[in-house]
Amino acid sequence: MTKILMVGDSHGNLAFMEHIIHVAEYNKIKTVVQLGDFGFIWPGADNELAALNEIANEHSIKIVFIPGNHEDWDSLDYYHAKAEKELSYDVDGFIPILSNIVYTGKTHQWEWDGLIFTAVGGAYSIDYALREYGRSIWVQETLTEEDLLRVESFETTDVLLTHDAPTWAPFRNLYDDIESHIHRQKMNRVQLALLPSVWFHGHYHTKMTYEDYITKVYGLNCDGAWDESNYMIFDTKTAMKRREINGT
């Protein structure tokens, strides 16, 4: 693997994800990483999930997704428990959904091309009042203390993949409520534990680039935009060369 297509929230939008697969194929990319609010593991979305897998299979593309807040967490937990019981994880430790679609799990670390990648999913749903628990919102959506302790046991990381962002992301008036802020504080803790060089996230439906003394961060737009704001190409060879030059 050399290039990976990082993609923002897809919200179960099949036309959008078909477009993303064509972007990947045009750029000779075989792996798409979707950064949460995947939306195809959702009540009533089985046909869309199967159709997405078929399109990905036709183009020999693997879709790897991390969990956002708007996911059917009960189904994700079922897939996770099934993989654990049957020891059916793939070579990177991902949880198989269909032939060309895999799930990272809520927290997971793996290596691609000599680089350490870590996925940390979840976020807080500010629209909780419009949703019904167990049908359109699930209590598992946010990071727990157990999740954070697991992340803190991981190695330091080259590339961090999350749904949520840190508190110092350049928001305008978005997601200003206290529970969202508390979850972003958890993401600060993730960053300090893993010290990533590069960080990709979704959730805020806005393209943004920002950095501190540790990490360069890229926030991606969502399926509502059909332009380059909702995806980004990450080249592992370039990143490895940069790491070697920097002596890290």
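What the table shows:
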read-out: Close pairs (6 angstrom Cβ cut-off, 6 or more residues apart or separate chains): under 11 Å from residue 106 (Cβ atoms) in region 60-85, surrounded by 14 or more Cβ atoms within 10 Å (Cβ to Cβ) and of a type in the set (Phe, Trp, Tyr) anywhere; value: 73/138
read-out: Single unsatisfied condition, residue 128 versus (1) within 20 Å of residue 42 (Cα to Cα); (2) in contact (Cβ under 8 Å) with a residue 12 or more places away in the chain; (3) over 15 Å from the mean Cα position of the chain (by Cα); value: (2)
read-out: Residue tally, condition surrounded by fewer than 15 Cβ atoms within 10 Å (Cβ to Cβ), under 26 Å from residue 238 (Cβ atoms) and not acidic (Asp, Glu), over region 94-130; value: 1
read-out: Residues of region 131-155 that turn out to be within 18 Å of the chain's Cα centre (by Cα), free of Cβ contacts under 8 Å to residues at least 60 places away in the same chain, assigned to a loop (DSSP other than H, G, I, E, B) and surrounded by fewer than 21 Cβ atoms within 10 Å (Cβ to Cβ), as a count; value: 2
read-out: Candidates 66, 61, filtered to the one that is among the aliphatic types (A, V, I, L, M) and touching a helix residue (DSSP H, G or I) at 6+ places or on another chain (Cβ under 6 Å); value: 61
read-out: Residue 168 vs. criteria surrounded by fewer than 16 Cβ atoms within 10 Å (Cβ to Cβ), of a type in the set (A, V, I, L, M, F, W, C) and on the phi < 0 side of the Ramachandran plot; value: yes
read-out: Flag if residue 15 is within 21 Å of residue 207 (Cα to Cα), part of a helix (DSSP H, G or I), at pLDDT 95 or above and out of contact with any Ser or Thr (no Cβ under 8 Å at 6 or more places or on another chain); value: yes
read-out: Qualifying positions in region 60-89 - surrounded by 14 or more Cβ atoms within 10 Å (Cβ to Cβ) and within 23 Å of residue 30 (Cα to Cα); value: 61, 62, 63, 64, 65, 66, 67, 68, 89
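Residues checked against (1) in contact with a Gly (Cβ under 8 Å, 6 or more places away or on another chain); (2) farther than 17 Å from residue 33 by Cβ; (3) at pLDDT below 95:
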position: 136; (1), (2), (3): no, yes, yes
position: 172; (1), (2), (3): no, yes, yes
position: 179; (1), (2), (3): no, yes, yes
position: 186; (1), (2), (3): no, yes, no
position: 197; (1), (2), (3): no, no, no
position: 209; (1), (2), (3): yes, yes, no
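The values are calculated or read from the model by the stated rules, or taken from the named source; none is laboratory data. Just so you know, these numbers come straight off a predicted model, no measurement behind them. Heads up, the Cβs are rebuilt from the backbone with ideal geometry, glycines too, and the neighbour counts pull from every protein chain shown.
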